[in-house]
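Beneath this line is the structure, given in structure tokens, with notes to follow.
The values are calculated or read from the model by the stated rules, or taken from the named source; none is laboratory data. Every value quoted in this text rests on a predicted model; they were computed, and no experiment measured them. Note: ideal-geometry Cβ built from the backbone for every residue, glycine included; neighbour counts use all protein chains shown. With ligands, DNA and RNA removed, areas are computed over all heavy atoms of the protein, side chains included. Shrake-Rupley method; radii C 1.70, N 1.55, O 1.52, S 1.80 Å.
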Amino acid sequence: MTSVFLDKSVSLPISINRFDKGPYFDFYHQKGNTYGVYADRYFPISVGNNVESSYWSLRRKAVMYDVPEKPIQIEGPQAPEYLDKIFSRKISDMKVGRGKYAIACYEDGGIFIDGVFFRLEENKFWYVQPDGHLQTWLKAHQENYNVKISDPNSRVIQIQGPISKDIIIQLTNGSIDDNFKYYHSGYFKIANQSVYISRTGWTSELGFEIYTLGSDTNYKKIWDTINEIGKPMGMIFDGLESMDIRRIEAGILDNNTDFDQSMNPYDAGLGSLVDLSKDDFIGKKALEAFEKKNEKKLYGITSEKPIVHRSNVYLTQTQKVGYLSACTWSPTLNKFVGYVRFDHANNWKEHEVKVENVNGNLLECEIVDLPFYDKEKLIPKGLDKNIP
């Protein structure tokens, strides 16, 4: 089924001088790799591996990924209250050494960006952003707040999969142990140099992210040490193709692809990230009007037959009601799965829909809630160890 994962025939060459290729690039680059650009950074999509084999490595052992997500640093005596104004979820109540998923909205309630916060110190935060112009947005709303907004030039390596904990324990000489829970984070040492590590990732497998500290990091030493410990334990390196399958299965959304400013958090199923009880924040007034609507624009879809990215979705033979923002073959579920972005909010699970297939014919598909399995996040929490 690997032909459904990446159509390399539509790849385009892009000048390497325009974007940031990153400090790890030369350690894995080879002719035939396929790259994308995200947050103005290159990232490997395909490195020549069999995609389904890499997927099962992710589900059964561990995979290392060089990911393009970009931390932005917000610090200063008023940082907590400033971030409470910008983001729809309360940030000031975070503990040092913890992470929290949060979104920011426009004044009209449309979603601007999503990402994960880490509280490094009492008045020092990192927000790990996806694609988007977060730094510009933060500075535009800085007003008279006593905060400093900067780019710490951190790069991110993810180690994801059920044996990732064993790898990270060895990498940190036991400094990380079973007490390091889901969304915990902190400073640790790998190869005698400081890094910031979190128990998070973009796969909903048990996993960790290793954040470097800019020019203070010896990237070759980090890379070699991870491989020296991880490879003998079964870890492989891969591009984001295998990660993308798992993130879709897990219901993890991609900013500006699966949702954008035309959708409010309730449309996207992210209403739990809105705290209307806290003081005023950007978009609060608009979001209050959407709160009690039990309808969404974004749903999951399943099909026994192939479905294709950007295919149209129909309620009748001629009435188009949405399109697929993402889709993939799911080796775990043994079927095709994807996300539907409907043109308007509704309880779409009550309707029967059809999706265009590769030949332009219409397929009967099932609309479901996300994620497709592990709805309680027991796998990344380490509570479900039933490896397929």
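Once the stretch 212-239 is narrowed to residues that are hydrophobic (A, V, I, L, M, F, W, C) and open to solvent by less than 20 Å² (accessible area, probe 1.4 Å), the residue that is farthest from residue 47 (Cα to Cα) is 222. Within the stretch 94-127, being β-branched (Val, Ile, Thr) and open to solvent by 10 Å² or more (accessible area, probe 1.4 Å) holds for 96, 116.
Scanning the stretch 201-259 for residues that are under 25 Å from residue 131 (Cα atoms) and among the small types (Gly, Ala, Ser) returns 201, 204, 207, 214, 215, 239, 242, 250, 251. Return the residue satisfying two criteria in turn: it lies in the stretch 45-65 and is part of a loop (DSSP other than H, G, I, E, B) and of a type outside the set (Lys, Arg), and of such residues it is most open to solvent (accessible area, probe 1.4 Å). So, considering only residues that are part of a loop (DSSP other than H, G, I, E, B) and of a type outside the set (Lys, Arg), the one most open to solvent (accessible area, probe 1.4 Å) is 50. Among the residues making up the stretch 192-203, those that are open to solvent by less than 30 Å² (accessible area, probe 1.4 Å) and either at pLDDT below 95 or not in a loop (DSSP other than H, G, I, E, B) (or both) are 193, 195, 196, 197, 198. Please enumerate the residues belonging to the stretch 272-300 that are farther than 19 Å from residue 252 by Cα, surrounded by fewer than 17 Cβ atoms within 10 Å (Cβ to Cβ) and of a type in the set (Gly, Ala, Ser). Matches in the stretch 272-300: 277, 286, 289. Pairs are defined by a Cβ separation below 8 Å, a sequence spacing of at least 6 or placement on different chains, a first member in the stretch 217-236 that is of a type in the set (Gly, Ala, Ser), and a second member that is open to solvent by 40 Å² or more (accessible area, probe 1.4 Å); the pairs so defined are 234/61. Taken over the stretch 128-140, the criterion of being open to solvent by 50 Å² or more (accessible area, probe 1.4 Å), among the small types (Gly, Ala, Ser) and either in contact (Cβ under 8 Å) with a residue 60 or more places away in the chain or touching a helix residue (DSSP H, G or I) at 6+ places or on another chain (Cβ under 8 Å) (or both) is satisfied by no residue. Residues satisfying the criterion are absent from the stretch 301-315 (criterion: surrounded by 18 or more Cβ atoms within 10 Å (Cβ to Cβ), closer than 30 Å to residue 243 by Cβ and charged (D, E, K, R)).
Consider the stretch 253-267. How many of its residues are closer than 15 Å to residue 106 by Cα and in contact with a Phe, Trp or Tyr (Cβ under 7 Å, 6 or more places away or on another chain)? Total satisfying the criteria: 3.
In the stretch 174-190, the count of residues that are open to solvent by 30 Å² or more (accessible area, probe 1.4 Å), small (Gly, Ala, Ser), more than 30 Å from residue 375 (Cα to Cα) and without any contact (Cβ under 8 Å) to a residue 24 or more places away in the chain is one or more. The number of residues in the stretch 146-168 being open to solvent by 60 Å² or more (accessible area, probe 1.4 Å) and more than 19 Å from residue 194 (Cβ to Cβ) comes to 3.
Can you tell me which residue in the stretch 14-44 is most open to solvent (accessible area, probe 1.4 Å), limited to those that are part of a loop (DSSP other than H, G, I, E, B) and among the basic types (Lys, Arg)?
31
Taking the stretch 322-365 as the range and being surrounded by fewer than 17 Cβ atoms within 10 Å (Cβ to Cβ), more than 24 Å from residue 290 (Cβ to Cβ) and within 25 Å of the chain's Cα centre (by Cα) as the test, the residues that pass are 332, 333, 334, 335. Among residues of the stretch 347-375 that are in contact (Cβ under 8 Å) with a residue 60 or more places away in the chain, those with a Cβ under 8 angstrom from a residue that is open to solvent by 50 Å² or more (accessible area, probe 1.4 Å) and not in a loop (DSSP other than H, G, I, E, B), sequence gap 6+ or separate chain, pair up as 367/349; 368/349; 369/349.
The set of residues from the stretch 316-327 being in contact with a Gly (Cβ under 9 Å, 6 or more places away or on another chain) and either among the hydrophobic types (A, V, I, L, M, F, W, C) or modelled with pLDDT under 95 (or both) comprises 324, 326, 327.
Residues in the stretch 203-212 that are out of contact with any Ser or Thr (no Cβ under 6 Å at 6 or more places or on another chain) and either within 14 Å of residue 71 (Cβ to Cβ) or without any contact (Cβ under 8 Å) to a residue 24 or more places away in the chain (or both): 210 alone.
For beta carbons closer than 8 Å, sequence separation of 6+ or different chains, a first residue in the stretch 13-32 that is of a type in the set (Asp, Glu) and a second that is not in a helix (DSSP H, G or I), the qualifying pairs are 20/40; 20/41; 20/42. Of all residues in the stretch 233-284, those satisfying the criterion of being of a type in the set (Asp, Glu) and within 20 Å of residue 324 (Cβ to Cβ) are 241, 244, 249, 254, 258, 260, 267.
Scoring residue 186 on the criteria (1) in contact with a strand residue (DSSP E or B) (Cβ under 8 Å, 6 or more places away or on another chain); (2) farther than 25 Å from residue 63 by Cβ leaves a single failure, condition (2).
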